[in-house]
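One structure is given here, and the rest of the page talks about it.
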Amino acid sequence: MSAAAQKGHNQFGNLPVWDLNDLYPGKDSAEFKAALEEAKTLAAKFEADYKGKLADLTASGGLIKAIKDSEVLGDLTGRIGSFSFLQYAQRSTDPDRAKFMGDTNEALTNLSTRVLFFELELNRIDDAALDAALAADPELGRYKTWFAELRKAKPYQLDDKLEELFHDKSVTGFSAWNRLFDETMSSLEFEIDGETLNLESTLNLLSDRDETKREAGFKALAKTFKANGRLFTHITNVLAKDKEISDRWRGYEDIADSRHMANSVEREVVDALQAAVEAAYPRLSHRYYKMKAKWFGKDKLNAWDRNAPLPTSDERIWDWDTAVSTVLDAYGRFSPDLAEVAKPFFNSGWIDAPTGNGKLSGAFAHPTVPSAHPYLMLNYLGRTRDIMTLAHELGHGVHQRLASAQGPILANTPLTLAETASVFGEMLTFRALLDKTTDPKQRFALLSGKVEDMINTVVRQIAFYSFERKV
């Protein structure tokens, strides 16, 4: 860990880091190597047992066995893939970790090519025959929603050999370019007043009370991003073309249709959402930022003022223990059971909180697999917004724990549902903080901050979506 990260680590108390031993003892461990070999064996057996036979199994009542076997294999490969990704996320610029993830992904792609037939062949089963099988077997009927989602992809399926080609090429296609982007972002350095900062620490300056620090952070970001503009432009153009080729071959009518299908939402719903939010720009974000400019005594906000705290806001630095108790108390106020589901995250090595050079930016909740447990990644810097981020990712984590009983296939959640759980956890925590704040000016500042968070959640995401469509 860098000196800068260690300083923050001490400032906030004892920040937790991941214990990945619940997945595997290490990347060179006998357990990991054995798991990879077992996965290869199971994939070969699955192909031998079921390829070309699914229609007959549907008629004879044996399809549920194939699904159960696919879940066993999926849980194992998911555990392997999760371990390789999480150790990489902690320090994506480490060549050994990057190579280990690359080698693991290649091995998983090779073995998953052998079972690629499964969903393709399921979609070739006659609808009436499948409906009859679902109705006849309650255990198989549990998977009705999964089959319904699978059927949506049927019109866009290619020949099996083409699907294998697309699958194999993904290692050197879009996933490789995404990895290059992530590793580049993690390795960027920003010079501010003679000090070298990583991305998270620089972004944190944009919400500093001191305008000179905000401006310095903004200009440092712009300078470094501009220096890397040629690479970022190339990555964006390659990814856009890669998607265009895939969409054209599959026959998607709209550039976003594949994403809508993955999110289990209709194009008309997203179109309506986009239109509604864009129509509300003048009375939401435009109006709010005009008000904020007046609060700061300015005719117009500078770009680095957008997330500036109000002069009356509570800008104290929250140590980790206080952040944890704040979130758990808020969850417990709503439901003691909810707090109980959340507690293991804080004493079991399930959270990685410190910032560090090479660590992936942002935050996420990784569900791993039902036989294990989720892991949360943060870049904790002690602001109130960091507490909101903890509450948000913990909402995902609690949801993932509760969903795990559904098994590897049915535990998967589209974004349209997943974000409901996380924003709910975030709002529980915000309401608890608001209830504890009695000073009118601080309450006003807290509400203002929440308005900005919601603008970032809704308006900014629609702006991203609109921008991506134009690209």
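Some points to look at:
- Selection count where residues are touching a Ser or Thr at 6+ places or on another chain (Cβ under 7 Å) and in a helix (DSSP H, G or I), scope the stretch 401-422: 2
- Taken together, V369, V398 contain a single residue that is buried (at least 21 other Cβ atoms within 10 Å of the Cβ), outside any helix (DSSP H, G or I) and not small (G, A, S), which is V369.
- All positions within the stretch 246-256 that are in contact (Cβ under 8 Å) with a residue 60 or more places away in the chain and part of a helix (DSSP H, G or I): S246, W249, R250
- Taken as a whole, the stretch 316-330 holds at least one residue that is outside any helix (DSSP H, G or I), under 30 Å from N21 (Cα atoms), open to solvent by 20 Å² or more (accessible area, probe 1.4 Å) and not aromatic (F, W, Y).
- Residue identified as over 18 Å from F430 (Cβ atoms) and touching a Lys or Arg at 6+ places or on another chain (Cβ under 8 Å) among H373, H366: H373
- Hits in the stretch 267-281 - residues which are open to solvent by 60 Å² or more (accessible area, probe 1.4 Å) and in contact (Cβ under 8 Å) with a residue 24 or more places away in the chain: L273, E278
- Some residue of the stretch 405-412 being over 30 Å from G141 (Cα atoms), open to solvent by less than 30 Å² (accessible area, probe 1.4 Å) and in contact with an Asp or Glu (Cβ under 8 Å, 6 or more places away or on another chain): no
- When D193 is tested against (1) out of contact with any strand residue (DSSP E or B) (no Cβ under 7 Å at 6 or more places or on another chain); (2) closer than 30 Å to R316 by Cα; (3) at pLDDT 95 or above; (4) surrounded by fewer than 17 Cβ atoms within 10 Å (Cβ to Cβ), only condition (3) is not met.
- Tally of residues being farther than 22 Å from E215 by Cα and open to solvent by 70 Å² or more (accessible area, probe 1.4 Å) across the stretch 181-190: 1
- Taken together, the criteria exclude L203 from residues that are buried (at least 17 other Cβ atoms within 10 Å of the Cβ), of a type in the set (A, V, I, L, M, F, W, C) and touching an Asp or Glu at 6+ places or on another chain (Cβ under 8 Å).
- Pairs with Cβ under 7 Å, 6+ apart, first in the stretch 161-189 and closer than 30 Å to F118 by Cα, second open to solvent by 70 Å² or more (accessible area, probe 1.4 Å): V171/E106
- The set of residues in the stretch 56-78 being under 24 Å from D19 (Cβ atoms) and touching a Leu at 6+ places or on another chain (Cβ under 6 Å) consists of T77 alone.
- Applying the condition of being small (G, A, S) and open to solvent by 50 Å² or more (accessible area, probe 1.4 Å) to the stretch 223-266 and asking which residue is modelled with the highest pLDDT yields A227.
- Meeting the requirement of 2 or more residues that are among the small types (G, A, S), the helices (runs of 4 or more DSSP H) wholly within the stretch 153-245 are 174-187, 211-227.
- In the stretch 28-55, residue most open to solvent (accessible area, probe 1.4 Å) [restricted to those that are touching a residue at least 40 places away in the same chain (Cβ under 8 Å) and either of a type in the set (F, W, Y) or assigned to a loop (DSSP other than H, G, I, E, B) (or both)]: K51
- Taking the criterion of being in a loop (DSSP other than H, G, I, E, B) and either touching a Cys at 6+ places or on another chain (Cβ under 6 Å) or closer than 21 Å to N14 by Cβ (or both), the residues of the stretch 336-366 that qualify are N347, S348, G349, W350, A353, P354, T355, G356, N357, K359, A363.
- Subset tally (residues that are open to solvent by 50 Å² or more (accessible area, probe 1.4 Å) and of a type outside the set (S, T, N, Q)) for the stretch 118-147: 13
- Against the list (1) in contact with a helix residue (DSSP H, G or I) (Cβ under 7 Å, 6 or more places away or on another chain); (2) surrounded by fewer than 18 Cβ atoms within 10 Å (Cβ to Cβ); (3) among the polar types (S, T, N, Q), the condition N178 fails is (1).
- Just one of (1) farther than 23 Å from L20 by Cα; (2) open to solvent by less than 40 Å² (accessible area, probe 1.4 Å); (3) touching a residue at least 40 places away in the same chain (Cβ under 8 Å) fails for T355. It is (1).
The values are calculated or read from the model by the stated rules, or taken from the named source; none is laboratory data. If you're wondering where the values come from, they're calculated on a predicted model, not measured in any experiment. Note that each Cβ is placed from the backbone with ideal geometry, even for glycine, and that neighbours are counted across all protein chains shown. Note: areas computed on protein heavy atoms with side chains; ligands, DNA, RNA excluded. Shrake-Rupley method; radii C 1.70, N 1.55, O 1.52, S 1.80 Å.
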